[in-house]
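Taking it in order: structure first as structure tokens, then the write-up.
No lab work stands behind these numbers, since they all come straight from the coordinates. Just so it is clear, the model here is predicted, and its values are computed rather than measured. Because the Cβ atoms are built from the backbone with ideal geometry, glycine has one as well, and the counts that use them run over all protein chains shown.
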Amino acid sequence: MSDPCLLAVSLLTSAQISACAAPAQPPSLFFQTAAGGQTVPTAEITAPEFSQRLPGPAALLSQLAIPLPLGASVSPQIYPDSVAYSRTGTRKPATGAQLYHQRLAALSYGQIYTRLPPDSFWSFWANATEQPSYEDWKDLLEQEAGAIAHGQGSNLLAILVGDSLSLWFPPTQLPSGRLWLNQGISGDTAGGVLSRLSAFSQTTPHTIYIMAGINDLRRGESDRAILWNFRQIVRRLRREHPHSLTIVQSILPTRLAAIPNSRIRNLNRQIAAIAYQEGASYLDIYIYFADERGDLRQELTTDGLHLNPSGYAVWQWALQEAESWFALNPMR
């Protein structure tokens, strides 16, 4: 499945979304919506207007023993591209340590990594090996959200919040037409997501995409606990961002014997019901990733759990279709 447009699209309401070329027997993308949100047509992105830099970039970098580029300072000036990063796009972070250090370097220069080439600030992260802690990631995500809150301007903003599946979503594959804030942390659970929603409470998102639950299953959490956390996540987001679209995405299938996909499907049905009851929307992407046995399609995964580039291409297409549908069908 190298082409994400091999699949057709439909809604639970039976309304049709614009279709890509589809095979003879395509599955469907089910979308469940409820009143209470507001959609603004996609707009062109302008450069974020960061009204002020985050304090202490030199201190942040010195803690990680990352040298500043030759000749650079930490004054509020705008750094030339030749100093800050290259544009070859041939290198990108491959580990959590590298990704963390890349994002920290970008932030210290007043930029958000989702808007930069994959090899941005290569000299800062190429040799990074020390793995950041969960708290390190929380601090970084909070500061990125703060930078967006100060510099969003009139740009539309979409937020990915969840676990490693969201964390590793390639920035170059995020749908265009808006700013993106990635609030994923590797290994996080639905309970962990719930505890850190305040990190981006000062932002003004157009859309918030939630993806969580698989690590809860890996850790032996009960369905009841998982569903309670999902309900609290949605309630809080609807309360704090009443004019944003809150979209709960289905838990993806796996190839792990310890996690029956029948259980995931059952959870997804209940998560969809929670989204509807709480005034959010539900995006079913499970169907795109499941093979005839219900397992994660082998050609879309690296290890039976995480996604490879083809897997992210499918997810990218699903997000694009969802955003296109909402742009044409504003919620009242």
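How about the range 260-313: which trypsin sites (Lys or Arg not before Pro) there lie in a loop by DSSP and see at most 13 other Cβ atoms within 10 Å?
Working: sites: ARG263, ARG265, ARG269, ARG293, ARG297; in loops: ARG293, ARG297.
In loop regions of the range 260-313 (DSSP not H, G, I, E or B), the sparsely surrounded trypsin sites (Lys or Arg not before Pro) are ARG293.
Sort 134-146, 157-169, 219-231 for me by packing, meaning the mean count of neighbouring Cβ atoms within 10 Å per residue, highest on top.
Values: 134-146: 17.6, 157-169: 22.5, 219-231: 15.5.
Ranked from most to least packed, the peptides come out as 157-169, 134-146, 219-231.
Please compute the length gained on full extension between ALA273 and SER324, using 0.36 nm multiplied by the number of residues separating them and subtracting their Cα-Cα distance. Intermediate results must be reported in sequence, preceding the final value.
On the way: separation 51, 0.36 × 51 = 18.36 nm, distance 2.32 nm.
That works out to 16.0 nm of additional length.
Which cross-chain or sequence-distant (5 or more) residues have an amide H under 5 Å from the amide H of THR301, H modelled 1.01 Å from N in plane?
Excluding prolines and chain starts, which carry no amide H, the hits are ASN308.
How far apart, in nm, are two points set 7 Å out from the Cα along the Cα-to-Cβ line at ASP291 and at ALA149?
It is 4.6 nm.
Quickly work out the ARG91-to-SER198 label distance, labels modelled 7 Å from Cα along the C-beta direction, and quote it in nm with one decimal.
Calculated label separation equals 3.9 nm.
Loop only by DSSP, 16 or fewer other Cβ within 10 Å of the Cβ. Give me the GluC sites (Glu not before Pro) in the range 256-332 that pass, ordered by residue number.
Values: sites: GLU278, GLU292, GLU299, GLU321, GLU323; in loops: GLU278, GLU292.
Answer by residue number: GLU292.
Order the peptides 194-202, 113-121 from the highest to the lowest mean number of other Cβ atoms within 10 Å of their residues. Present the calculation step by step, with values, prior to reporting the outcome.
On the way: 194-202: 16.9, 113-121: 20.6.
With the highest mean Cβ count within 10 Å placed first, the list reads 113-121, 194-202.
In terms of modelled amide H atoms, which long-range or inter-chain residues lie less than 5 Å from the amide H of GLN183?
LEU160, VAL161, GLY162
Counting other Cβ atoms within 10 Å, which chymotrypsin sites (Phe, Trp or Tyr not before Pro) in the range 256-332 have at most 16 and lie in a DSSP loop?
The qualifying sites: there are none.
Taking amide H atoms as placed 1.01 Å from N in the peptide plane, list the residues 5 or more away in sequence, or in a different chain, whose amide H sits under 5 Å from that of LEU252.
none
As an exercise, use a Förster radius of 30 Å and the Cβ-Cβ distance of ASN127 and ASP303 to find the FRET efficiency, rounded to the nearest 0.05. Don't jump to the answer; show the numbers that get you there.
Details: r = 25 Å, r/R0 = 0.83.
Result of the calculation: an efficiency of 0.75.
How long is the gain from ARG255 to THR172 if the chain were fully straight, where each residue apart is worth 0.36 nm and the alpha carbon distance is subtracted? Before the final figure, lay out each step's value.
Details: separation 83, 0.36 × 83 = 29.88 nm, distance 2.68 nm.
So the extension gain works out to 27.2 nm.
If you wrap a convex hull around the Cα atoms of the range 207-265, how much volume per residue is inside, in Å³? If you can, show how the numbers build up before the last one.
Working: hull volume 4.3 nm³, N = 59.
Hull volume over Cα atoms, normalised by residue count, gives 73 Å³.
Lys and Arg at +1, Asp and Glu at -1: add these up for the other residues within a Cβ distance under 12 Å of ASP216 and post the number.
Once positives and negatives cancel, what remains is 0.
For GLU135 and ARG265, FRET efficiency with R0 = 30 Å and r from the beta-carbon atoms, rounded to 0.05? Before the final figure, lay out the partial values.
Details: r = 34 Å, r/R0 = 1.14.
So, using R0 = 30 Å, E works out to roughly 0.30.
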